[in-house]
There are 2 protein chains.
Amino acid sequence: MERRNREISLDEVEIDGPALVHVETGGGGYASFNSAGHSNDREEEDFTFSIAFIFSKYGDFHTIDWQRDLARDRLRHKLIVGKRADFPLGVAQSAWDAGAGWICVLMVGLAAGATAGVIDIGARWMSDLKDGICADRFWLDREHCCWSSNDTVYKDSDCSAWTAWPEMLNYYGKNPFFYVLEFLFYVVWAVLMATLAVVLVKVFAPYACGSGIPEIKCILSGFVIRGYLGKWTFIIKSVGLILASASGLSLGKEGPMVHLACCIGNIFSYLFPKYGMNEAKKREILSASAAAGVSVAFGAPIGGVLFSLEEASYYFPLKTMWRSFFCALVAGIILRIVNPFGSDQTSLFHVDYMMKWTFVELIPFAGLGLFGGILGSLFIFGNIRWSRYRKTSKTLGGNPIYEVIVVTFLTASISYFNPYMRKSASSMIKQSAFWQLIVALIFKFIFTIFTFGIKVPCGLFVPSIAMGAIAGRLVGMSMESVFRSVQMQSGHSTYWACQIGKDCVMPGLYAMVGAAAVLGGVTRMTVSLVVIMFELTGSLEFIVPTMVATMFSKWIGDAICKTGIYDAHIELNGYPFLDNKEEYPYSTIAVQVMRPCPTASVTSSSTPEGHPERNELSVIVQDGMTVGDIEQLLRETNYNGFPVVVSTNSMYLVGFVTRRDLQLALHAARKTQPYVVTDSVAYFTNQVPDPAAGGPAPLRLRKIIDLAPMTVTDQTPMETVIDMFRKLGLRQVLVTKNGKVLGIITKKDILQFMRNAQSGFTNPNFK
Amino acid sequence: MERRNREISLDEVEIDGPALVHVETGGGGYASFNSAGHSNDREEEDFTFSIAFIFSKYGDFHTIDWQRDLARDRLRHKLIVGKRADFPLGVAQSAWDAGAGWICVLMVGLAAGATAGVIDIGARWMSDLKDGICADRFWLDREHCCWSSNDTVYKDSDCSAWTAWPEMLNYYGKNPFFYVLEFLFYVVWAVLMATLAVVLVKVFAPYACGSGIPEIKCILSGFVIRGYLGKWTFIIKSVGLILASASGLSLGKEGPMVHLACCIGNIFSYLFPKYGMNEAKKREILSASAAAGVSVAFGAPIGGVLFSLEEASYYFPLKTMWRSFFCALVAGIILRIVNPFGSDQTSLFHVDYMMKWTFVELIPFAGLGLFGGILGSLFIFGNIRWSRYRKTSKTLGGNPIYEVIVVTFLTASISYFNPYMRKSASSMIKQSAFWQLIVALIFKFIFTIFTFGIKVPCGLFVPSIAMGAIAGRLVGMSMESVFRSVQMQSGHSTYWACQIGKDCVMPGLYAMVGAAAVLGGVTRMTVSLVVIMFELTGSLEFIVPTMVATMFSKWIGDAICKTGIYDAHIELNGYPFLDNKEEYPYSTIAVQVMRPCPTASVTSSSTPEGHPERNELSVIVQDGMTVGDIEQLLRETNYNGFPVVVSTNSMYLVGFVTRRDLQLALHAARKTQPYVVTDSVAYFTNQVPDPAAGGPAPLRLRKIIDLAPMTVTDQTPMETVIDMFRKLGLRQVLVTKNGKVLGIITKKDILQFMRNAQSGFTNPNFK
């Protein structure tokens, strides 16, 4: 309660929001009010407005204004620093404020590590449940069951304590009917689990499906999706993830783990109003959470930080990097303590044996990279086509449960007969049987295309890694036989390419490199991917092969289709994501993109289509409009904000006012100031005429204008404008010429423009 | 030649520089010229101007305009893409252009690795030269000499093939005179080497002294220092670094290695006009080079990339990150092939033995962190005080050679008697002798304070690491005896803190943690430091201890003094470096910082001191000034540019014109257009009156205006303005109010403002 009160007192100053500079630079903004009458009413009005402002949030599916949020935070910080003199309360508050970020990421790390541990253990147990159950202790999975039973005939993770389902039904003999029963149990369990997962998702938390990474990217870039990181999503996604991965579907836990970690970050950030009440600051916690998610998914803390930096985050100051690292490390340590895999390693596949490679082998590694890029692009193409069909088709889109049942049934039936598809990616790297591997690769590819996007929590990393590992192993085995035959022909075993005595081509290394190549082709990650693979194996030895493969994979992949799977899904879903990485070589200037379009014939064809065309800019005059005029403007347009100008003739820019602030202010005025009528003139200036002079009482609205809107001139190249949007996190920019406002460019206009430019890429001039 | 021609033809379009949009959007800018007369003269004039423009560069100690340079590059890229249709030349050119960046960083990596190898070998050989020489093969250092001699009495790196200097003079017996002679040789050689280094630096390349990292930071942030990365600096710094580190001074090779790698990057960038001719693009290569420098210095490619990202670079798009990684990796591989240390490891200290730690030990690790932060801050304080004295004092500043001789003499004399100071940091981690270690720590600290800054190439990493390693070992040894005595008292050897049977406290690990702590305290690096330490040791096991120490070190260090050693030196030298990391919680608005200062009393005290105060903004009127007026303006002021306005009455902003462009244009006009006289009116508009109407011929200057200057309103908070400068890389911003130009804020004003605000931090409002 104490804290909440403090927040209100802080935000009371923040009500001045956009025009907050008034408060600071001598309080001029407020002082001027006092010269006019109605001071009592004013205070009441101010208070109503402030409360409304505090509890006002960004609308769902809106974009945040980074500059404004960060300014709010700076003001808050300044006030706390100012209180430092009040010993001891002020000092304590200041220390708490300084440490809040660290405490928050510490808690996120702890919770993410614990969650990952629980999910790993749960998924393992349920996955084994398809085959049978531990007779003595039903809560143990097969491996732990056999460990605890002290069985001497423990072999190939089978022991007498572990009871297959047919055995439970007293079918002991290994006759055909036993296998049919086993198969039926396997498939039925798989379908049941997957169905439960999809029903849970559909009923309780529709946002819990999928990998979540495309949406996380959008959220980190400043998009608001209510409930996407809420507690229900967290709970249902955790349970659903256990069920879905236990069902044997071709999906991974890694993407969802990042989503879960971000949910944790979001939930904990509400304990710290500094982060919970400020969307821009909250993104710092979420970036750290994303790093923790990758850290627990792969046991790769540094890779997690780089993933957050390279793939996920948009706003990533160095302070956040250091905290992300801390968060990722804490999560990794907790997972190691929980120790879900029963060994000391937290990573998916830890390869102990020494592997050496020679420079000649860089050629097959590069070849694997090319293959990875092509396979990844094919996958993206296939998956996006199918996802688009799912979105548009009524049959498929309306019946997600049937889709899941069919996919699970097919996956389970076929995987049952191919051991390479039932096994985890980890064992895939060590085993080998040529034709079965090829079959497994083909099925894995097809299944994953149809699986990624069904309405259960499903990640993409592990299926990609599995595909790559299979392909890599195939190449490695071929290389091995080639080298062997070359050696036999040349007659001596220490051939130039093979300085070590024994078998010099290590198919396991090829599997690793292939995994990196395909993962790179699918996600188009670079540095973070190499570092993750390096942390997975724990040796710098393999950086070079991995890097070569990743590089070729990215080159060929980018040549075939420019976007990775996440960006492709962002595009498919039409999220307003302004890519931080791309460079846009356009040759357009601001005046050609802004709205309203100037009537000049040169630019008329560049109009973004699908928008109702208005030929006049909707502006607010600083001292010439009545309350009725403004209300009419609000009714007739749906813009999020309006430029305030000196007069409609001159159009010289004064500031910018948002629709929300206008609505709130008018609403508050109508409610608390009975003398404000439709004919009252709204004044956005400090010079308000004395109401005693006759006419209806004026309405003062100076405090709601943002006197520092971002502007560009009409001739500014669009590259610069896009740069400003990306780097400063703007929502809109005003276009001026010789001091006059000509139009406005919003983030949506930018995205629309970029989409148009990309489709007509050969002629970006729109001519 | 072919390539040069292409560049000219590209830049001919770029002469339109700021207003380049004209060329693209239908060529309107040029078309309008043709309607007026003098077309022949115009072409000639254009050509002269364009040549001048191409060969014009940024002045020495100027700041680059990132937006403009990047726009130039985008235009260049667009033209090449446009040529893609011309098969095969256009395609080849396009491919070459796309691959140029990769080829360039590849070459940089190769060269950096080779250079590092040569320097390592050279320094090792010369360092041993102080003691003696290899009798058979003088070009071998002591270790290789003993290896190659096949000597059986090879012990403690001494063998019969290695001849100490007294032995060369036929003084064999180990009598006192032998040791005196050995001491004399040692000191004389040391002084000779250091003197040679300082003379070389003083005579040939004054920029070759010091670590270079502060200057690299400034250069990467967009500062131009001619010759700082030139070939002479490279050569002299390489030779000087060998000499200086062989002389036994308390300095490291790491900072200079980064400087050398950046020299290589700069030199190679001239092979690729895309980078060599564009300062902003060149920074991409330099960032990658810095990563390669750290990579070869520590054998830590990932750490190098993170160092470049965290500490060095300013503009670091993800594309650069990937290339930096490649560059760092290539450099690391080459160094491994050169194999300067005769073993398979490239790192400074590679610790093979298994080390375990327990959670209780995190307390002494945190304590080491605190110690590191305090020691680092003390070091910064002492070194900066001494450096300031050196700058101001005539005796010291004027005689760098004497200073070096004195410091070297003292260092050599004292180190000769303390084996811990003669040995490398690597062996320090393994050895132990309490009191000698304390003495070594104190001397190391004092020597390093006086050494960092003398006029030879000198880095800071290794001395810091050595100090930290000594301190850490001391703590480790104390902890060991404490734990032992606790165990003996409790009566059993498997105490709670010590699960492993044998000695559980590993002083070597403490030395490592201490090294990280002191290095963190001195440089204030975070993530990159932890990753470097992790790559040095090759095990994820030690990340947590290192991280705890680094964190505490940074906290306590930042509490004592805010800046790291590099930023402190940047401040000391007054470089215009706008820190990318700091957050500035000021509460000032643009109008209070801009020049000229408004006459309002509130802000009059905020005038940056030391500048001549002008009460009027120097502007150019778009169609009302004669050539003479402009020339007078150029003479009377020294501003780098002027806003162009509609009229002095209205002050509505049209654009911005730089001093350099104005001078070039006027010079060209006077030279090639005889009809342009002092009374000619200069027109910055498209509507130029017909000269036939009487009066002197007009001068058209439309093409040199930047029609897209960055503007902010007068009420914009300074945080936002600083953000724009940092993120968009601006040189200046124009301050407007209601469309009128009020003033201008340059990067220098921002730096001045920040310095003022920091000194009066308790009252940042300047009130």
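The values are calculated or read from the model by the stated rules, or taken from the named source; none is laboratory data. Just so it is clear, the structure is predicted and the values come from calculations on it, not from any experiment. All Cβ positions, even for glycine, are placed from backbone atoms using ideal geometry, and neighbour counts span all protein chains on display. To get the accessible areas, we keep the full protein, side chains included, count just its heavy atoms, and leave off ligands, DNA and RNA. Shrake-Rupley method; radii C 1.70, N 1.55, O 1.52, S 1.80 Å.
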Send over a whole-number figure in Å² for the accessible area per residue of the range A:700-744, probe 1.4 Å.
-> 20 Å²
With respect to the symmetry axis carrying chain B onto chain A, which residue of chain B exhibits the smallest Cβ distance to that axis, and what is the value in whole Å?
-> B:Gly739, 1
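Roll a 1.4 Å probe over the protein chains and send me the accessible area per residue for the range A:99-338 in Å². All intermediate terms of the calculation are to be shown ahead of the outcome.
Working: 7970 Å² over 240 residues.
So the range A:99-338 comes to 33 Å² accessible per residue, rounded to a whole number.
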Provide a list, ordered by number, of residues in the range A:623-649 showing at least 10 Å² less accessible area with every protein chain present than when their chain is taken on its own, using a 1.4 Å probe.
-> A:Val646
Quick one: which bits of the range B:726-742 get at least 40 Å² less accessible when the partner protein chains are in, versus the chain alone, with a 1.4 Å probe?
-> B:Lys727, B:Leu728, B:Asn738
Please list the non-local residues whose amide H lies under 5 Å from the amide H of B:Gly210, H modeled 1.01 Å from N, same-chain partners needing a gap of 5 or more.
-> B:Val456, B:Cys458
How many nanometers, to one decimal and shortest first, lie between the label point of B:Lys319 and those of its other copies, if labels sit 7 Å from Cα toward Cβ?
-> 3.1
How big is the equivalent ellipsoid of the range A:248-344 along its three axes, where each semi-axis is √(5λ) from the Cα gyration tensor, reported in whole Å from largest to smallest?
-> 23, 14, 14
For B:Thr637, inter-copy label distances in nm, listed shortest first [label point 7 Å out on the Cα-Cβ vector] = 3.6
Would you kindly derive the ³J(HN,Hα) couplings of the range A:523-533 from the backbone phi angles with the Karplus curve 6.51 cos²θ - 1.76 cosθ + 1.60 (θ = phi - 60°), listing them in order in whole Hz, with x for Gly and Pro?
-> 9, 6, 6, 10, 4, 4, 4, 4, 5, 4, 4
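Within the range B:99-338, what whole-number % of the accessible surface is contributed by carbon and sulfur, with the 1.4 Å probe and all protein chains included in the calculation? Can you show the working numbers first?
Working: 5370 of 7940 Å².
Solvent-exposed carbon and sulfur of the range B:99-338 make up 68 percent of the total.
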In Hz, Karplus ³J(HN,Hα) per residue of the range B:545-557 (6.51, -1.76, 1.60; θ = phi - 60°; x = Gly, Pro) | x, 4, 5, 4, 5, 4, 5, 5, 4, 5, 4, 5, x
Evaluate the range B:227-267: find the radius of gyration of its Cα atoms, find its Kirkwood radius, and give the ratio Rg to Rh.
-> 1.00
iface A-B | buried accessible area, total | probe 1.4 Å | Å², round 100 | 6600 Å²
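Share of Cα-Cα pairs in the range B:99-338 beyond 21 Å, in percent? Numbers along the way, then the final one.
Numbers: 16982 of 28680 pairs.
Looking at the range B:99-338, the distances longer than 21 Å represent 59 percent of pairs.
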Please report, in cubic angstrom per residue, the volume enclosed by the convex hull of the alpha-carbon atoms of the range B:623-767.
-> 132 Å³
Taking a probe of 1.4 angstrom, what is the accessible area of B:Lys740 in Å², to the nearest 10?
-> 80 Å²
Kindly tabulate the residues in the range B:314-331 with an accessible-area decrease of at least 20 Å² between the chain alone and the assembly of all protein chains, using a probe of 1.4 Å.
-> B:Tyr315, B:Leu318, B:Lys319, B:Met321, B:Trp322, B:Phe325, B:Phe326, B:Leu329
Shortest first, in nm, what separates the label point of A:Val224 from those of the same position in the other copies (7 Å along Cα→Cβ)?
-> 4.6
Karplus-derived 3J(HN,Hα) from phi for the range A:644-658 (6.51 cos²θ - 1.76 cosθ + 1.60, θ = phi - 60°), whole Hz, x at Gly and Pro, runs 9, 10, 5, 7, 5, 6, 7, 6, 6, 6, 9, x, 9, 10, 8
Just how much of B:Ser413 is accessible, in Å², when a 1.4 Å probe is used and the result is rounded to the nearest 10?
-> 20 Å²
